[in-house]
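Report on one structure; see the data block that follows.
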Amino acid sequence: MIKTDPASILAEYHQAQSYNTECNGGNLYERVKQNEDFFVGNQWEGVNAPDLDKPVMNILKRVISYFVSSIVSDDVGAELTLFGGADDQSQAAVKIVSAQIAEIIENTKAKAKNRDIIRNAAVDGDACIYVNFDPEAETGQIAKGTIELEVLDNTDVYFGNPQVWEIQRQPWVMIQTRKLVEEAREEARANGVPESRIAGIVSDEDPNGINTELEQGKVTVLTKFWRQDGAVWFCKTAGQVVIKPPENTGYRLYPLAWMSWDKIKNSYHGQAAVTGLIPNQIFINKLFAMCMEHVKKMAFPKVIYNRQIFPNGYSNRVGEAVGVNGSPSDAVAKGVEMPDMSSQVMQLIDKVMEYTRDTMGASDAALGNVNPDNTSAIIAVQKASSMPLELQRMTFYQFVEDYIRVFVDVMRARYGLREVSYENENGETVSGYFDFSDIDRMRWKLNVNIGASTYWSEIMQMQTLDNLMVKKIITDPGLYLESIPSQYLPNKQKLLAHVREQQQAAEALQAAQGMMVAQQTVMQ
């Protein structure tokens, strides 16, 4: 039985928090905060050394930034097809849904959010995106409602079965949100909650123990999703008050997608790229601090003098008269060179930095820290260096596929009848109305292919067409023109019609010549 009363939901929430404080051999909240601090450069927090300089040689941020840029260097594209083929109506529906997905990706800035996803996974261990439907958003037509994307922290998402990382296999999923008390009360009021119950929505302390000034006057709102009778339901609570009563969303999939940087067995939280290398970063910073301290104290020569000869002390001020006891020729003051720091210290720092980058899969060639003497060799080394990231790249592609499937599920359940436009096989823009609930009745299976967008880019298509024409695999000019994307050839239809007329004229001329040759043969 799924529990929907506020007390039970609050108890499940506290139990999920308890798991996070002990999962994977440590406290998730503390680990994420430490990883975030080290990533942004706040690497000396809590160190009590007021007289010590605190240098930060942040190699972690450089490497993580390389990871993010390497994985999302190409825009991600999605191609929707049907298993086993389909009729013209189904093919038109696929084009409509594909056009809508491209529009959602653009309007929600999904490509920019993908960078945040990779960054969160690498630094925190996990990343999550929430696909929300706003039913009141204007669309420029009668039908309202648009899809929105929200990047969530892994500390704000709780699974009903924390030993399973697949989000669609969960008995329930819970999202924690911090809202102003008045905002939570307004939402409850809009959902028809009685005023007597709304008064029970009061501020609480930050559940993760931060409790800063910015968190005062806020309440924790819990949104719980679960499956019931083949559909996804949800409700919202704040403390002991129901903000949103249980409601059927109509979805078949949880409106969330989840990925981990490195999966850990029997845990839905993964291992971050930063976590295991923090001791290396601390060691590098400590040695640099000690080197700086040595330079301040030992790098400059010291003057040693005889106190018996200089009763008033030695002065090094320019032009000042110095009184001595006895003959001035016997005055003794000598500069003493201090011992140099061992060169092994800097060598060790360099080696630790080098080995740390190499073990993370970011060599000097990959980061661009080499002289471009042999470009081909550098490119080969960079490609080889990026190979360890292929596992994370494939995980990211699966993540994108997951939330695109959620897009289709939300469109099926919430879009209804809408005015749409798409390109037909001839490159012509077709407009009309489409009932997105037909996605359910047609019962197609979608094959979502994810990869770098260059796989389906117009530039690659043009280059392929040109090569096919050069190699005479395509010999029909009309077929060549039909295959060119419309945006590259605005007057495509006129050119195609002209080419077809020329082809028909040439065929007619060839037929006439053939008849003349046949008649001459008969006469002979």
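Couple of notes before you dig in:
Every residue, every condition in (1) part of a helix (DSSP H, G or I); (2) modelled with pLDDT of 85 or more, yes or no:
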| residue | (1), (2) |
| --- | --- |
| Gly326 | no, no |
| Pro339 | no, no |
| Lys351 | yes, yes |
| Thr356 | yes, no |
| Pro372 | no, no |
| Ile378 | yes, no |
| Thr395 | yes, yes |
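- Where helices (runs of 4 or more DSSP H) fall wholly inside the stretch 407-524, the ranges with 1 or more residues that are modelled with pLDDT under 70 and under 30 Å from Lys144 (Cα atoms) are 438-442.
- Inspection of the stretch 172-191 finds no residue satisfying the criterion of being surrounded by fewer than 18 Cβ atoms within 10 Å (Cβ to Cβ), within 21 Å of the chain's Cα centre (by Cα) and among the acidic types (Asp, Glu).
- Search result, residues across the stretch 406-431 that are open to solvent by 30 Å² or more (accessible area, probe 1.4 Å), over 17 Å from Asn132 (Cβ atoms) and not β-branched (Val, Ile, Thr): Leu417, Glu419, Ser421, Tyr422, Glu423, Asn424, Glu425, Asn426, Glu428, Ser431
- Whichever residue in the stretch 23-50 is at pLDDT below 90 and either part of a helix (DSSP H, G or I) or open to solvent by 50 Å² or more (accessible area, probe 1.4 Å) (or both) and, among such residues, is nearest to Thr220 (Cα to Cα): Cys23
- Looking at Met298, Met290, just one residue is open to solvent by less than 80 Å² (accessible area, probe 1.4 Å) and either at pLDDT below 80 or within 21 Å of Asp51 (Cα to Cα) (or both), and that residue is Met298.
- Failed item in (1) aliphatic (A, V, I, L, M); (2) out of contact with any helix residue (DSSP H, G or I) (no Cβ under 9 Å at 6 or more places or on another chain); (3) modelled with pLDDT of 95 or more, with Ala143 passing the rest: (3)
- Residue within the stretch 147-156 that is within 30 Å of Lys351 (Cα to Cα) and open to solvent by 20 Å² or more (accessible area, probe 1.4 Å) present: no
- Filter result for Ala121 (in contact with a strand residue (DSSP E or B) (Cβ under 9 Å, 6 or more places away or on another chain), assigned to a helix (DSSP H, G or I), open to solvent by 20 Å² or more (accessible area, probe 1.4 Å) and among the hydrophobic types (A, V, I, L, M, F, W, C)): no
- First in the stretch 32-46 and free of Cβ contacts under 8 Å to residues at least 40 places away in the same chain, second anywhere and outside any helix (DSSP H, G or I), Cβ under 7 Å, 6 or more apart: Asp37/Gln43; Asp37/Glu45; Gly41/Val56; Gly41/Asn58
- Test set (1) open to solvent by 80 Å² or more (accessible area, probe 1.4 Å); (2) in contact with a strand residue (DSSP E or B) (Cβ under 9 Å, 6 or more places away or on another chain); (3) of a type in the set (Val, Ile, Thr) - Thr223 fails condition number: (1)
The values are calculated or read from the model by the stated rules, or taken from the named source; none is laboratory data. Quick caveat: nothing in here was measured; it's all calculated off a predicted structure. Every residue, glycine as well, gets a Cβ built from its backbone with ideal geometry; the counts of neighbours run over all protein chains shown. Ligands, DNA and RNA are excluded from the accessible area calculation, which covers all protein heavy atoms including side chains. Shrake-Rupley method; radii C 1.70, N 1.55, O 1.52, S 1.80 Å.
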